[in-house]
Amino acid sequence: MAINYRLLDILRRGRSEHQNHLIDGLARGSVSRREFMRYGSVLGLSAPLLGSVAGAIGYSASVQPARAAMAGGTIRVAQTVPAAAIDPVKIADGGGITVLSQVGEALVLSGKDLTAIPVLAESWSSNKDATVWTFKLRQGVKFHNGKTMTADDVVATFDRLANPDNGSNALSVFSGLLSKGGTRKVDDYTVEFHLEAANGNFPYAVSTDNYNAVILPADYAGDFEKSMIGTGAFKLEKYTPKVGASFIRNPDYWGGPAKADRVEISFYDDYQPQILALQGGQVDIITQLPVLQGVGLLNDPNFEIISLPSSAHQQVHMRTDKDPFKDKRVRRAIALCLDRPKLVQGLMKGRAAIGNDSPFMAAYPSTDASVPQREKNIAEAKQLMEAAGMAGGFKTTLTTEKYLEIPDYAVLIQNAVKEIGGNIELNIMDQGAYYGDAVYGKSPWLDSDMGITDYGHRGVPNVFLQAPLTSTGTWNSAHFSNPEYDALAKGYIASLDLESQRAAAGKIQTLLLDETPLIFSYFYDYLTATKKGTTGVVSTAMSHLFLREASF
């Protein structure tokens, strides 16, 4: 490629040390174009600037299509019943997130290509050590009640989420990172986030990845279901718990009115009725289609499948503080019983990527691809069991939730460990019962000896590295405590440099293969089904469904 050094020098002016280091990486070939576009967005480089730099180095620039005129009509959506009240502070389930995404917005969108896309924030930048991040807010944004969004609303939103007294689910992201008072107003359209620890990927902590981070009015006092005041492209018309919701076009939306007049969402207890409703023409979209139950739609020409490669996964935990899993050799032996390619092709019908027992899926730019892939090896597994003094096998109970393909996955694990004398009894629970109060001592999820838990997509692995794996992690169902791991995770998260992140990732991947507190067999594609001819539907692997551009 021919590099236009004169243009590149101009584009480098005024950029930070870390931004220019990334530009240099693209120029010398140590960073790919995809990695550059994705990580440059995290560092606050705008899309036009990223395209200009890529063009100066010899890569072609993409052209965004023009927006079509408003189409009208009603978009009909099928989804699972929300597991709890629609409360932006505490919401934690896919059904609730889909409803919330009709009316609420975050500062940043975590894009399908792992880029960070401005929404209610126009731009952001970090200080040199990634402990203070400054966000410039979009002007002219109005809440559904007519009030203009300002920095006061943003500060109040994150103080609310970071306050332990509110019991926010966002504490899984903000614990040890952002405290109440750490979000500060600079002027009406500028806020600073003063962090407790350096974080090179912080924009994702205030993005749609953190599904609780919906910007609400400063005076929000609860009872969200009553009015659902947000900044989104649709406004609440009617909400009926356990039944459904309807929304109407927001004429004052900052990005221009939606194409559709209305959105109607119907709630279902299971997936098969949703599939029948789509096939029968009663709905236009199924928010999330499970691969096993939806296999009949995957190749049906009457329907279209939006397939999003993601970091979503079904995480297997083993209690490292209790027998039989105190000995890491037993945990490794169980992991060696699984045939991951067969899981991907059989259980997931090819709609997944193989995992290597760490949060680092292959698609993350920071993943160290040189770390060997774990493969099925029964001979080695038996040797480990014998060395652990358990040649006769073990007995345990695997507790999990009735959700997506998890019950089938549990049966496959149950059968796989029989080759090393494993005797696993299955305890499959309704999703709400499995999570319980989501605190230690009151949650089968966090208290079980062995379990499988669904984890939604994240654009960066930070939450996966912290909440379920650090010694003080709020989701540490394996009860894993390893000071070396804690230090490595902290170093990875603090880094603003992609190459440093990759070096730390390699050490983390190697340590987790050795310790194996968790099994990551595969990362599955997030599937959304639509009737043929439906366009403009934007979904995320976190269950958001954005329909401003949707039409037939």
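Dipole of the stretch 499-551 computed with +1 at Lys/Arg Cβ and -1 at Asp/Glu Cβ about the Cα centre; of SER543, TYR522, ILE508, farthest Cα towards the positive end is SER543. Taking all Cα pairs closer than 8 Å and separated by 6 or more residues, the relative contact order of the stretch 485-552 comes to 20 percent. Where in the stretch 489-520 is the amide nitrogen less than 19 Å from a point lying 7 Å along the Cα-to-Cβ axis of ALA197? In the stretch 489-520, the label zone of ALA197 (backbone N under 19 Å from the point 7 Å along Cα→Cβ) covers 489-498, 500-512, 517-518. Whole-Hz Karplus values for the stretch 280-286 come out as x, x, 7, 9, 9, 9, 10 Hz, taken residue by residue from phi with 6.51 cos²θ - 1.76 cosθ + 1.60 and θ = phi - 60°; glycine and proline positions read x.
Multiplying the residue separation of GLU237 and LEU511 by 0.36 nm and subtracting their alpha-carbon distance yields 93.5 nm. Near the amide H of LYS142, within less than 5 Å, lie the amide hydrogens of MET149, TRP254, all on another chain or at least 5 residues away, with H placed in the peptide plane. Label-to-label distance for GLN272 and ASN163 is 4.7 nm, based on points extended 7 Å past Cα in the beta-carbon direction.
Close amide H partners of GLY451, meaning residues 5 or more places away or on another chain with modelled amide H under 5 Å apart, are HIS317, THR399.
A straight chain from ALA433 to LEU298 at 0.36 nm per residue would run longer than the Cα-Cα distance by 45.5 nm.
Ignoring ligands, DNA and RNA, what percent of the 1.4 Å accessible area of the chain is carbon and sulfur? Could you put the intermediate results ahead of the total?
Numbers: 10890 of 21600 Å².
Of all accessible area on the chain, carbon and sulfur atoms account for 50 percent.
For ALA352, the residues whose amide H sits under 5 Å from its own are ASP525, ignoring neighbours fewer than 5 places away on the same chain, with H placed 1.01 Å from N. Taking every DSSP beta bridge that has both ends in the chain, the antiparallel portion is near 70%.
Restricting the calculation to Cα atoms, every distinct pair contributes to the Kirkwood radius of the stretch 476-525, found to be 12.0 Å. Cross-link pairs exceeding 24 Å between alpha carbons, from the set LYS342/LYS490; LYS322/LYS418; LYS376/LYS442; LYS147/LYS235; LYS90/LYS235; LYS349/LYS532: LYS342/LYS490; LYS376/LYS442.
For the stretch 327-397, the solvent-accessible area works out to 45 Å² per residue, with a probe of 1.4 Å and every protein chain left in place.
Modelled spin-label separation between ALA379 and ALA503, with each label point placed 7 Å from Cα along the Cα-to-Cβ direction: 3.8 nm.
The mean of 1/r over all pairs of different alpha-carbon atoms in the stretch 350-455, once inverted, gives a Kirkwood hydrodynamic radius of 16.0 Å.
Of the residues SER477, LEU276, ASN163, the one whose Cα sits farthest toward the positive end of the charge dipole of the chain, with +1 on the Cβ of Lys and Arg and -1 on the Cβ of Asp and Glu, is LEU276. The residues of the stretch 104-205 present an accessible area of 37 Å² per residue when probed at 1.4 Å with all protein chains retained.
Provide the gained length on full extension for the span ILE248 to GLN282, in nm with one decimal, where the gain is 0.36 nm per separating residue minus the Cα-Cα distance.
Fully extending the segment from ILE248 to GLN282 adds 10.3 nm.
What you get for the stretch 311-359, charging only the Cβ of Lys and Arg (+1) and of Asp and Glu (-1), is a dipole of about 40 debye around the Cα centre.
Computed from phi, the 3J(HN,Hα) profile of the stretch 126-134 under the Karplus parametrisation 6.51, -1.76, 1.60 (θ = phi - 60°) reads 10, 6, 5, 9, 6, 9, 10, 10, 10 Hz, with x in place of Gly and Pro. Convex hull volume of the Cα atoms of the stretch 446-487, normalised per residue: 68 Å³.
Run the helix sum for the chain: -39,500 (n - 2.57) per DSSP H stretch of 4+ residues, divided by residue count, reported at 222 nm to the nearest 500 deg cm²/dmol.
Helices in the chain give a 222 nm mean residue ellipticity of -8000 deg cm²/dmol.
Residue pairs exceeding 20 angstrom between C-alpha atoms, taken from LYS112/LYS507; LYS259/LYS531; LYS242/LYS402; LYS328/LYS382; LYS328/LYS507: LYS112/LYS507. The 3J(HN,Hα) values that the Karplus relation (6.51, -1.76, 1.60; θ = phi - 60°) gives for the stretch 430-438 are, in residue order, 4, 4, x, 5, 4, 6, x, 8, 6 Hz. Gly and Pro appear as x. Each Cα pair under 8 Å and six or more residues apart adds its sequence gap; the mean of these over the residue count of the chain is a relative contact order of 19 percent. Its Cα centre serving as origin, the stretch 169-251 has a Cβ charge dipole (Lys and Arg +1, Asp and Glu -1) of approximately 300 debye.
Values of log10 I(q)/I(0) for the chain across q = 0.07, 0.08 Å⁻¹ run -0.40, -0.53, by the Debye formula with one identical scatterer at each alpha carbon and no solvent. Between the DSSP loop rule and a limit of at most 12 other Cβ atoms within 10 Å, which trypsin sites (Lys or Arg not before Pro) in the stretch 216-299 are left? For trypsin sites (Lys or Arg not before Pro) across the stretch 216-299 that sit outside H, G, I, E and B with at most 12 neighbouring Cβ atoms in 10 Å, the list reads LYS242.
Dipole magnitude for the chain: computed about the Cα centre from +1 point charges on Lys and Arg Cβ and -1 point charges on Asp and Glu Cβ, it is near 1060 debye.
The values are calculated or read from the model by the stated rules, or taken from the named source; none is laboratory data. Being a predicted model, the structure only gives us computed values, none of them experimental. Positions of Cβ are backbone-derived with ideal geometry, glycine not excepted, and every protein chain shown enters the neighbour counts. When the accessible area is computed, the model is the full protein with side chains, heavy atoms only, and any ligands, DNA or RNA have been set aside. Shrake-Rupley method; radii C 1.70, N 1.55, O 1.52, S 1.80 Å.
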